[in-house]
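Asker: Below you will find the structure I want to go over with you.
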Amino acid sequence: MLTFVFALFGGLVTPVHAQVLMAQDEALHRAFPDSTSVRRRSLVLTAEKIGAIERAEQLRLKPGIVTYFVGYRDTQFLGIATIDAGVVRTHQAVFMSVFSPDGVLKDVFVLAFNEPPEYIPTEEWFNQFRGKKRDEPLIPGKDVAGVMGSTLSVQAITGSVRRMQAIFPLFTTD
């Protein structure tokens, strides 16, 4: 009987692909390889702060707490790394965006991805974010290349980067 049930429903069950791709410590080391210290900070996004950003940036934000990290080499400010989680298709993913002191995007990492791994774009795809300034648009299919079979991943990653770019001016370095 068990064999019959498995044969009947076995093809309908898809395995869960909960996968941590990069530990936070490893990602922070990659973000700030020359740092002597990295300080964890939190930003509370209130409805007031969100309203102004949403109008200026034409995107939707949710109230809540944003975790970010400030990298230093001795007393020199190296940049900010943000962590953002979102749903890709039906499961969570966690992304890190790394910014230079003046807000230029240095890198984007996928820390965790709970969808099938084939939905993660290639390293070459991620390279297109490097050097992007806050005022440069990032619209999937227009400013950001699409990836066949990974449309929702592209949208989730680009959306995360856009949100972090929008709130970058609110981050403090002290």
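The values are calculated or read from the model by the stated rules, or taken from the named source; none is laboratory data. This is a predicted model, so every value here is computed, not measured. Note that each Cβ is placed from the backbone with ideal geometry, even for glycine, and that neighbours are counted across all protein chains shown.
Asker: Answer yes if at least one residue in the stretch 79-86 is more than 21 Å from ASP135 (Cα to Cα) and outside any helix (DSSP H, G or I), and no otherwise. Spell out how you get there, then give the answer.
Answerer: Of all residues in the stretch 79-86, those more than 21 Å from ASP135 (Cα to Cα) come to 85-86.
Narrowing the set further to residues that are outside any helix (DSSP H, G or I) leaves 85-86.
Within the stretch 79-86, one or more residues are more than 21 Å from ASP135 (Cα to Cα) and outside any helix (DSSP H, G or I).
Asker: Could you count how many residues in the stretch 108-144 are part of a loop (DSSP other than H, G, I, E, B), within 24 Å of MET22 (Cα to Cα) and hydrophobic (A, V, I, L, M, F, W, C)? Spell out how you get there, then give the answer.
Answerer: Taking the stretch 108-144 as the starting set, the residues that turn out to be part of a loop (DSSP other than H, G, I, E, B) are 114-116, 120-122, 128-139, 141-143.
Those left that are additionally within 24 Å of MET22 (Cα to Cα): 114-116, 120-122, 128-132.
Keeping just the survivors that are hydrophobic (A, V, I, L, M, F, W, C) gives 120, 129.
Residues meeting the conditions: 2.
Asker: Consider LYS142 carefully, then state whether it is of a type in the set (D, E, K, R) and touching a Gly at 6+ places or on another chain (Cβ under 9 Å). Lay out the reasoning, then the answer.
Answerer: Numbers: of a type in the set (D, E, K, R): yes; touching a Gly at 6+ places or on another chain (Cβ under 9 Å): no.
In short, no.
Asker: Next question, about the same structure. Residue by residue through the stretch 90-107, note down the ones that are among the β-branched types (Val, Ile, Thr), surrounded by fewer than 22 Cβ atoms within 10 Å (Cβ to Cβ) and within 29 Å of LEU78 (Cα to Cα). Please lay out each step first, then the result.
Answerer: Let us first name the residues in the stretch 90-107 that are among the β-branched types (Val, Ile, Thr), namely 90, 94, 98, 104.
So of that shortlist, the ones also surrounded by fewer than 22 Cβ atoms within 10 Å (Cβ to Cβ) come out as 90, 94, 104.
Correct list: VAL94, VAL104.
Asker: Another question, then. Could you please find all residues in the stretch 108-154 being in contact (Cβ under 8 Å) with a residue 60 or more places away in the chain, surrounded by fewer than 19 Cβ atoms within 10 Å (Cβ to Cβ) and either over 18 Å from ARG30 (Cα atoms) or among the acidic types (Asp, Glu) (or both)?
Answerer: ASN114, PRO116, PRO117, LEU152
Asker: Further question on the same structure: If you take the residues of the stretch 41-86 that are at pLDDT 95 or above and among the aliphatic types (A, V, I, L, M), which of them is farthest from GLU26 (Cα to Cα)?
Answerer: Within the stretch 41-86, the match that is farthest from GLU26 (Cα to Cα) is LEU78.
Asker: Filtering the stretch 87-107 down to residues that are outside any strand (DSSP E or B) and hydroxyl-bearing (Ser, Thr, Tyr), which residue is farthest from ALA31 (Cα to Cα)? Please lay out each step first, then the result.
Answerer: First, the residues of the stretch 87-107 that are outside any strand (DSSP E or B): 88-91, 100-104.
Subsequent filtering for residues that are hydroxyl-bearing (Ser, Thr, Tyr) retains 90, 100.
On the way: THR90: 28, SER100: 10 Å.
Only one residue tops the list, namely THR90.
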